[in-house]
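**Student:** Have a look at this one before I ask anything.
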Amino acid sequence: MNIIIVGLGKLGLTMTKQLVKEGHSITVVDTNNDKLTTAVDTYDVMGVCGNGATCEALETAGAAKAKLIIAATASDEMNILCCLIANRMGTENTIARVRNPDYAAQMQFLRNELGISMIVNPEFETANEISRIIRFPSAANLDSFARGKIEIASIRIHSDNALCDTPLYDLRKRSKAKVLVCAVQRNDEVFIPSGDFVIRCDDTISITGTRAELSLFMKQTGVYKQRIKNVMIIGGGRIGYYLSKLLSDTGRNIKLIENNDARCYSLADMLDDVTVVHGDGTDQDLLDEQGLDRQDALVSLTGIDEENIIVSMYAESKGINKVITKVNRHSYSILTDIGLETVVSPQIVAGNLVTRYVRALHNSAGNSQMQTLHKLVNGKVEAVEFIVPEGAGYENIPFKDLNLLPNILIGCIIRNGKTIFPGGNDVMKANDSVIVVTADRIIEDLHDIFV
């Protein structure tokens, strides 16, 4: 599929890397020739140096024949204009990154009246993801499916955990919770486990189930954490604003520390129920003075990865129940080794949303409907939710009679509100929600899981 990406900032580069990996034909557009040359050489894509909101640059990039354009420059207005012009030139589908909170109320207008196919706000989506984790702090990371009915939670198995050296078939016998271990990370390896797989110390396991069943499982295994009431947020940028608003609306006590004086006044005006503190959130003396040790959670959201990591490590050393670290780079796989288990990246969050849209768009056959896509275990595992269409050739056939590809697991089926962890005699039926977990494989359609 021919795709144009305008803007080679963090999100633009993330999407370029991800969509090239999925086999699409990519043309990148940017005014910075050095960035452009690096992207062209690194990812083997076409490059156009110029303003992506001009007809000249878009014509050179092939907008008349492109299936999709993704506008991800630093300017919301530029992204909107770029999509409008590309659409008039013949580009079939358009995605614009729009970050300014002032435009939040106009999203529907941008889609319906201006014809922009998808609006992506990485900061708001990241705040949503952090908010979900804070509402369920027992998980290192949490992803939702079937409109929140089913979730996949990741937890680290420490050396004092009773699950160490436990085979999965024994785990199912011992636990009363209806959950399924669907992926395991061990060092740099990833497994889609079978029943005889043995959990080892320091494994990170991904388990799926309802919120209630996941809570029960975590209580039984000793990793359950109490509800978070008091949250300290370091950094009052867009994510800090969105997150403070989301959490204060749930009745939690929020303390937001921001270094910029003018921004503090602005935040205080916009966030009535949030305590806004002017100061350097990376200063340990200030953190202690503001009662870090009395907080249930700390979220570090400054614009500098290294600062977020250092603040998070200090919070871990103080025994804070939940520590969440924002990073922009994608190469911090060592963070879990130094005790930082919950790491979020706005580019990856937004990239997953765009990837889901692109895959659904690419599935021209339309045989099944992709609903949700989440990348787990540093992007090595995917969990994808589909709706089973009527008339599919695999309906009502027992799983024991279906030939699934290797490294494929049916995480669960949701049928009429009921959750089913399928065995050999279970079947898929029309309109079921089916969650497929896979490693090292791209799934665009349910047909892709069969040999």
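**Student:** Given Cβ point charges of +1 (Lys, Arg) and -1 (Asp, Glu) and nothing else, what value in debye, to the nearest 20, does the dipole of the chain about its Cα centre take?
**Tutor:** 1440 debye
**Student:** Continuing with this model, one more query. I need two numbers for the stretch 382-451: Rg to one decimal and Dmax as a whole number, Cα atoms only, in Å.
**Tutor:** Gyration radius and largest Cα-Cα distance of the stretch 382-451: 11.1, 31 Å.
**Student:** Tell me, what is the 1.4 Å probe accessible area of Asp272, in Å² to the nearest 10?
**Tutor:** Surface accessible to solvent at Asp272 totals approximately 130 Å².
**Student:** Assign one of three labels to the stretch 253-359, namely rounded, prolate or oblate, based on the Cα gyration tensor with a ≥ b ≥ c the square roots of its eigenvalues; rounded applies when a/c is under 1.5, prolate when it is not and a/b is larger than b/c, and oblate otherwise.
**Tutor:** Oblate, because a/c is 1.5 or more while a/b does not exceed b/c.
**Student:** Counting pairs of alpha carbon atoms under 8 Å apart in space and at least six apart in sequence, what relative contact order in percent does the stretch 1-89 give?
**Tutor:** Relative contact order, the stretch 1-89: 34 percent.
**Student:** While we're looking at this one, here's another question. Cα gyration tensor of the stretch 221-290, axes a ≥ b ≥ c as square roots of the eigenvalues: rounded (a/c below 1.5), prolate (a/b > b/c) or oblate?
**Tutor:** oblate
**Student:** I would also like to ask the following. Could you order Lys225, Lys10 so the one with the most accessible surface comes first? Probe is 1.4 Å.
**Tutor:** From most exposed to least exposed: Lys10, Lys225.
**Student:** Here's another thing I want to ask about it. Please identify the chymotrypsin sites (Phe, Trp or Tyr not before Pro) of the stretch 184-291 that satisfy two criteria: DSSP loop assignment and at most 16 other Cβ atoms within 10 Å. Which are they?
**Tutor:** Of the chymotrypsin sites (Phe, Trp or Tyr not before Pro), the ones in loops of the stretch 184-291 whose Cβ has at most 16 other Cβ atoms within 10 Å are Tyr224.
**Student:** Let a ≥ b ≥ c be the square roots of the eigenvalues of the Cα gyration tensor of the stretch 371-412; is it rounded (a/c under 1.5), or, if not, prolate (a/b larger than b/c) or oblate?
**Tutor:** Cα axes put the stretch 371-412 in the oblate bin.
**Student:** With equal scatterers on the alpha carbons only and no solvent term, can you work out the Debye log10 of I(q)/I(0) for the chain at 0.08, 0.09 1/Å?
**Tutor:** Treating every Cα as an identical point scatterer, log10 I(q)/I(0) equals -0.50, -0.63.
**Student:** How much of Lys255 can a 1.4 Å solvent probe reach, expressed as accessible area in Å² and rounded to 10?
**Tutor:** Surface open to solvent at Lys255 totals about 40 Å².
**Student:** Once all Cα-Cα distances of the stretch 335-446 are split into 5 Å bins that start at 0, what whole-number percent is in each one?
**Tutor:** Histogramming the stretch 335-446 at 5 Å steps yields 2, 11, 19, 22, 19, 13, 7, 5, 2, 0, 0 percent.
**Student:** Tell me the label-point distance for the pair Asp102, Ile397, using the 7 Å Cα-to-Cβ offset, in nm and rounded to one decimal.
**Tutor:** Roughly 5.6 nm, to one decimal.
**Student:** For the chain, which whole-number percentage of the solvent-accessible area (1.4 Å probe, protein heavy atoms only) is attributable to carbon and sulfur atoms?
**Tutor:** Summing carbon and sulfur atoms, their accessible area is 45 percent of the total for the chain.
**Student:** Would you mind getting the accessible area per residue of the chain, heavy atoms of the protein chains only, 1.4 Å probe, in Å²?
**Tutor:** On a per-residue basis, 44 Å².
**Student:** Shifting gears a bit: Using a 1.4 angstrom probe on the protein heavy atoms only, could you order Met313, Met218 from most to least accessible area?
**Tutor:** Met313, Met218
**Student:** Right, here's the next one. When the helices in the chain are scored as -39500 (n - 2.57) per DSSP H run of 4 or longer and the sum is shared across all residues, what 222 nm value do you end up with, to the nearest 500 deg cm²/dmol?
**Tutor:** Calculated mean residue ellipticity at 222 nm is -9000 deg cm²/dmol.
**Student:** OK, next. Test of understanding: what is the full-extension gain from Asp280 to Lys173, defined as 0.36 nm times their sequence separation minus their Cα-Cα distance?
**Tutor:** Gain on extension, Asp280 to Lys173, equals 33.4 nm.
**Student:** Restricting things to alpha carbons, tell me how big the stretch 166-298 is in terms of Rg and Dmax, in Å.
**Tutor:** 20.3, 59
**Student:** Tell me, what is the Rg over Rh of the stretch 65-171, with Rh the Kirkwood radius over Cα pairs?
**Tutor:** 1.20
**Student:** While we're here: With unit charges on the beta carbons (Lys and Arg positive, Asp and Glu negative) and the dipole taken about the Cα centre of the chain, which residue among Asn33, Met78, Met232 sits farthest to the positive side?
**Tutor:** Met232
**Student:** Which loop-located GluC sites (Glu not before Pro) does the stretch 51-132 contain, where loop means any DSSP state but H, G, I, E or B and the Cβ has at most 15 other Cβ atoms within 10 Å?
**Tutor:** Those satisfying the criteria are Glu92, Glu113.
The values are calculated or read from the model by the stated rules, or taken from the named source; none is laboratory data. Only a predicted model underlies this, so the values are computations on that prediction, with no experimental measurement involved. A quick note on method: Cβ atoms are made from the backbone with ideal geometry, for glycine too, and the neighbour counts reach across all protein chains shown. Quick note on the areas: whole protein, heavy atoms, side chains included, nothing else; ligands and nucleic acids left out. Shrake-Rupley method; radii C 1.70, N 1.55, O 1.52, S 1.80 Å.
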